[in-house]
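The values are calculated or read from the model by the stated rules, or taken from the named source; none is laboratory data. For clarity, every value in this text was computed on a predicted model and none was experimentally measured. In this analysis, Cβ positions are derived from the backbone assuming ideal geometry, glycine residues included, and neighbour counts consider all displayed protein chains.
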Amino acid sequence: MMKDVVFRVGGEGGEGVISCGEILTLACARMGNEIYTFRSYPAEIKGGYAMYQLRTSTEILLSQGSSVDVQVCFNQEAYDRSIKDVRKEGGVVIYDSSSCTPSGTLPTHAYGVPASDLARLELRNYLTKNIIFLGVLSKLFGIDYPILETIIKQKLGKKGEAILNLNFQALKKGYQYVEQNIPKKDLYFVEKVPVQEQRVILSGNQALALGAIAAGCKFYAGYPITPATDIMELLARELPKQGGAVVQAEDEIAALSMVLGAAYTGAKAMTASSGPGISLMAELIGLAGMAELPAVIVDCQRAGPSTGMPTKTEQSDLNHAFYAGHGEAPRIVMALSSVEDAFYGIIRAFNFAVRCQVPVIVLSDQYLAQRTATIRRPDPSKLVIEERTKPTASDCENYKRFRLTESGVSPMAVPGEKGGVFTATGIEHDEGCELSYEPENHWRMTEKRFKKLQLVLKSPDIYRRHGVNDQEIGIIGWGSSEGVIREALSKANDRGIKVAAFHPRLLNPMLPEIGVFIRSCKKVIVPELNFTGQFAREIRARFGVDVVCFNKLAGLPFTPDEILKKIEEVHEQIVHHV
Amino acid sequence: MASETIPQPPGGAINIAPFKTDVHPVWCPGCGDFGVLTCIYRMLATKQLSPENIVIVSGIGCSSRLPAYVNAYGFHTVHGRVLPVATGVKTANPNLEVIAVGGDGDAYSIGAGHIPHAARRNIDVCYIVMDNEVYGLTKGQGSATAPVEMVKGTTPFGQLDDPLNPIAMAIAYDISFVARGYSGKPKELTELITQGVDHKGFALLEVISPCTTFHDTYKPVSQRIRFVDASHDPTDRLAAMKLALEKETIPIGVIYKNQRTSFSERIKTTQERSQAKGTPDFNKLLESFQ
Ligand SMILES: Cc1ncc(C[n+]2csc(CCOP(=O)(O)OP(=O)(O)O)c2C)c(N)n1
Ligand code: SF4
């Protein structure tokens, strides 16, 4: 039996593809398995091809997998689009035999289920098709039937008894259809395992929002945008309970303006958006740098410039995060690497923001934002939460908001505090907020504002290193590809290739450790989901060394096999001295 | 709301000195903004507010330099974003007295998109717009309120666009307190600013504040102003709109008023509603994701 299974459900948007995938995911997680999902759906609410992928296993999962083990096709389009991704040896395709005719080279196992006909003719409701397929999966792969019923009840209970019963019937219909018509021949099976430790099931966006709450975020302003909106939705429910506020701004300029206003009062404040919104924020990122305000700005990257491909993933906002805005304004740039890191990473972002009194731009992406995973349940009592440096009584005697200090950080007074009264401004100013265009002053204050960034370089958890220690090949990726890289790496290590990965979670200021790592390798591959090799360019500029760019621009994440292939290719080059 | 008040001399005279800073205004001699600043000092002194509980937020422009001249917390931001910044300040700390200031360019050109939303939210902020019909800081180009045909550097053959009517716009957006003041009438202006600050909700104070350097309108304005009749009922929206559309004279005073729930109150209600079942601790919240 194979207990590491990649399921994929494909069909028409609006046919319940996503909810079918979500219920399956929850069921596998509640059966005690690890889960790792991957979503891709059309921007339109109804219509267009929609896909949901779930990998589940009894072991820790690092990626969505390289190929599909079990493909469920709701219609012909899903079949035609996905059949090439299904594992040829031993793979399974389950298709709606009422609407879909299999063609081409089939995977080893093909099971037809007339789900549309069952839904339409026997249950008299076409929308039950996705639940029929869940029944099918339950019987074929051992997805726990009572658990499925419980989840369906939780999801549909509100819609009334009649709808709920109809869906229970659908579940049974699918189950029984397999029982009576399909002899199972494949080897996949989802096992029920005892749960060792307390875990939570979160999407990247949920983990991020919860992390923000844990960090003490009290103010959020945002303007809806895919794939960032669910951060705002969760915070809108939870922040008021914590005495905080969520404001739906009229645009992203207003959103970041509000965040800066809140930050100015000493509240921990955040906004989240995606490329188009982050583009609008550029001028205010400079103001935050100049007025030395702590603020967290999340960019759930999506694909392409302009409107691009809103529901697809990419890592192409790095340049913008590093350089957005005119003049030279300091900012910290971080990238989240997993669902778990979304929780702890955003806490780190708030800590860095208050520690350095700078904006922190946190790069996530559609792939991470919208996938779910099981993570160890965080223990809030173990979290380190930092607060702003407050002025002391002696600071207040002759308060200088931007007093020059060793670290560059000046004690920050906020409205309501006596003795701290000052006017913050984006105009160049001296220590005491007096406007000044003196050359020495501009130089000195710019130096002060940048010096603060050094304070984060020695923090824990700002990078990860994986693989062997005597590596020939190095991989430096960033953001959500960490797991995929790790999985590829361990396969390569198993094949005797000496490869290691350095995965920075802090991108700006750039970690000097990156340079050390590069010098310890014969060749370094920089995999990025962008066209121009944005991080590779930063590395070259900073360390004066060349790296091998490995770019993918498909709106989709890397798969472990793609990275593995690249490692092998570079390995060949080293072996043959090319 | 003052925690500790500024002592005032007896006998009705007010002492504005505690609200002054030693920063000397950059404004040109005669600039209308001086008058507005003095009226703000007088309002603060009369209301006996304490400096640490006041935040004056501004955008960019000559007029937006104002916060540095008042002994209070200030935030001089970027061009056009004074309202959303002020919204953030007030929402994050509703105990503060938040005053927004700036020019007509800041308010009605680059920042105009924020006005209807500040109005919808009814943010508890008094916004004092110093309207001089030009972009003073960038040397006098016509702004959104500039008269059509006005000849300036960027409109050598005359301003192409008709002027906006800010008061009519404010009434159309249902801003809950709308008034017009004139920097040349400091006594009345102080009173209007006081009312605007006292108003629970969004107050837009359109203040005619002439630019002596690029567009000196003192004379024509002084000739055309008139005080709003005591008989005007500012809660009558149609009557207010009629006043706003008046062409012959420039009505000065409170034009429109509509008392309704402010954003700060709404935020508070939201918090209370969300806490109806108690305030959850973080562990409980995590449990809901198991
Ligand atoms: C984004 C941006 N565009 C343009 C400018 C240049 N600028 C500075 S102030 C100003 C207009 C000022 O006019 P107003 O707001 O009416 O204020 P005033 O100077 O008349 O008091 C302009 C166009 C700027 N600072 N920022
Ligand atoms: S340019 Fe005009 S608006 Fe600016 S300070 Fe001078 S008089 Fe006032």
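Structure data summary
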| read-out | value |
| --- | --- |
| Residue within segment A:81-91 that is over 25 Å from A:ALA373 (Cα atoms) and at pLDDT 95 or above present | no |
| The one condition in (1) among the hydroxyl-bearing types (Ser, Thr, Tyr); (2) crowded, with 24+ Cβ neighbours inside 10 Å; (3) touching a Phe, Trp or Tyr at 6+ places or on another chain (Cβ under 7 Å) that B:SER176 fails to fulfil | (2) |
| Residue tally, condition aromatic (Phe, Trp, Tyr) and more than 14 Å from chain B (Cβ to nearest Cβ), over segment A:433-450 | 2 |
| Filter result (within 14 Å of chain A (Cβ to nearest Cβ), in a helix (DSSP H, G or I) and surrounded by 13 or more Cβ atoms within 10 Å (Cβ to Cβ)) within segment B:232-282 | B:PHE263, B:SER264, B:GLU265, B:ARG266, B:ILE267, B:LYS268, B:THR270, B:GLN271, B:SER274, B:PHE282 |
| Residue list for segment B:41-53, filter: more than 7 Å from chain A (Cβ to nearest Cβ) and surrounded by fewer than 24 Cβ atoms within 10 Å (Cβ to Cβ) | B:TYR41, B:ARG42, B:ALA45, B:THR46, B:LYS47, B:GLN48, B:LEU49, B:SER50 |
| Residue count, segment A:407-430 (criterion: more than 8 Å from chain B (Cβ to nearest Cβ) and within 17 Å of A:PRO330 (Cβ to Cβ)) | 7 |
| Those residues of segment A:294-309 which are touching a strand residue (DSSP E or B) at 6+ places or on another chain (Cβ under 8 Å) and either assigned to a loop (DSSP other than H, G, I, E, B) or assigned by TED's automatic domain parsing to the domain that holds A:THR532 (or both), in sequence order | A:PRO294, A:ARG302 |
| Single condition B:PHE202 does not satisfy, out of (1) away from ligand 1 (no atom under 15 Å from the Cβ); (2) in contact with an Asp or Glu (Cβ under 8 Å, 6 or more places away or on another chain); (3) more than 21 Å from B:SER262 (Cα to Cα); (4) in contact (Cβ under 8 Å) with a residue 40 or more places away in the chain | (3) |
| Hits in segment A:243-258 - residues which are polar (S, T, N, Q) and within 7 Å of chain B (Cβ to nearest Cβ) | A:SER257 |
| Residue satisfying all of: in segment B:57-88; in contact (Cβ under 8 Å) with a residue 60 or more places away in the chain, more than 9 Å from chain A (Cβ to nearest Cβ) and not in a helix (DSSP H, G or I); farthest from ligand 2 (Cβ to nearest atom) among these | B:GLY61 |
| Count of segment A:47-68 residues which are modelled with pLDDT of 90 or more and under 30 Å from A:GLU122 (Cα atoms) | 3 |
| Complete set of residues in segment B:22-33 that are out of contact with any Leu (no Cβ under 9 Å at 6 or more places or on another chain) and surrounded by fewer than 16 Cβ atoms within 10 Å (Cβ to Cβ) | B:ASP22, B:HIS24, B:CYS28, B:PRO29, B:GLY30 |
| Members of segment B:89-98 found to be touching a residue at least 40 places away in the same chain (Cβ under 8 Å) and either within 8 Å of chain A (Cβ to nearest Cβ) or touching a Leu at 6+ places or on another chain (Cβ under 9 Å) (or both), listed by number | B:LYS90, B:THR91, B:ASN95, B:LEU96, B:GLU97 |
| Segment A:243-293: number of residues that are in a loop (DSSP other than H, G, I, E, B), closer than 23 Å to A:GLU434 by Cβ and within 25 Å of the chain's Cα centre (by Cα) | 0 |
| Options B:PHE157, B:PHE177: the member that is away from ligand 2 (no atom under 16 Å from the Cβ) and without any contact (Cβ under 8 Å) to a residue 12 or more places away in the chain | B:PHE157 |
| Residue match in segment B:206-219 (condition: away from ligand 2 (no atom under 16 Å from the Cβ) and either surrounded by fewer than 15 Cβ atoms within 10 Å (Cβ to Cβ) or closer than 17 Å to B:ASP33 by Cα (or both)) | no |
| Qualifying residue in segment A:229-236 (condition: within 11 Å of chain B (Cβ to nearest Cβ) and either under 17 Å from the mean Cα position of the chain (by Cα) or not in a helix (DSSP H, G or I) (or both)) | yes |
| Conditions (1) on the phi > 0 side of the Ramachandran plot; (2) within 15 Å of ligand 1 (Cβ to nearest atom); (3) within 14 Å of chain A (Cβ to nearest Cβ); number of the one not met by B:LEU137 | (1) |
| Residue among A:GLU397, A:GLU431 that alone is under 22 Å from B:VAL55 (Cα atoms) and surrounded by fewer than 16 Cβ atoms within 10 Å (Cβ to Cβ) | A:GLU397 |
| Answer residue from segment B:105-120, given it is crowded, with 24+ Cβ neighbours inside 10 Å and within 14 Å of another protein chain (Cβ to nearest Cβ) and is nearest to ligand 2 (Cβ to nearest atom) among those | B:ASP106 |
| Yes/no for A:LEU260 being out of contact with any Gly (no Cβ under 9 Å at 6 or more places or on another chain), over 29 Å from A:THR58 (Cβ atoms) and assigned by TED's automatic domain parsing to the domain that holds A:ILE346 | no |
| Residue in segment A:150-161 that is surrounded by fewer than 17 Cβ atoms within 10 Å (Cβ to Cβ), within 14 Å of chain B (Cβ to nearest Cβ) and assigned to a helix (DSSP H, G or I) present | yes |
| Flag for B:GLY102 being on the phi > 0 side of the Ramachandran plot, modelled with pLDDT of 95 or more, more than 8 Å from chain A (Cβ to nearest Cβ) and assigned to a loop (DSSP other than H, G, I, E, B) | no |
| Segments classed as helices (runs of 4 or more DSSP H), wholly inside segment A:485-578, with at least 3 members that are among the β-branched types (Val, Ile, Thr) and in the same structural domain as A:GLY474 (by TED's automatic domain parsing) | A:512-519, A:560-575 |
| Among the candidates B:VAL197, B:VAL228, residue that is in contact with a Lys or Arg (Cβ under 9 Å, 6 or more places away or on another chain), more than 16 Å from ligand 2 (Cβ to nearest atom) and in contact (Cβ under 8 Å) with a residue 60 or more places away in the chain | B:VAL197 |
| Those residues of segment A:13-30 which are crowded, with 20+ Cβ neighbours inside 10 Å and more than 23 Å from the chain's Cα centre (by Cα), in sequence order | A:GLU15, A:GLY16 |
| Among residues of segment B:111-134, those that are within 24 Å of B:ILE54 (Cβ to Cβ), near ligand 1 (Cβ under 9 Å from one of its atoms) and either without any contact (Cβ under 8 Å) to a residue 60 or more places away in the chain or among the polar types (S, T, N, Q) (or both), counted | 1 |
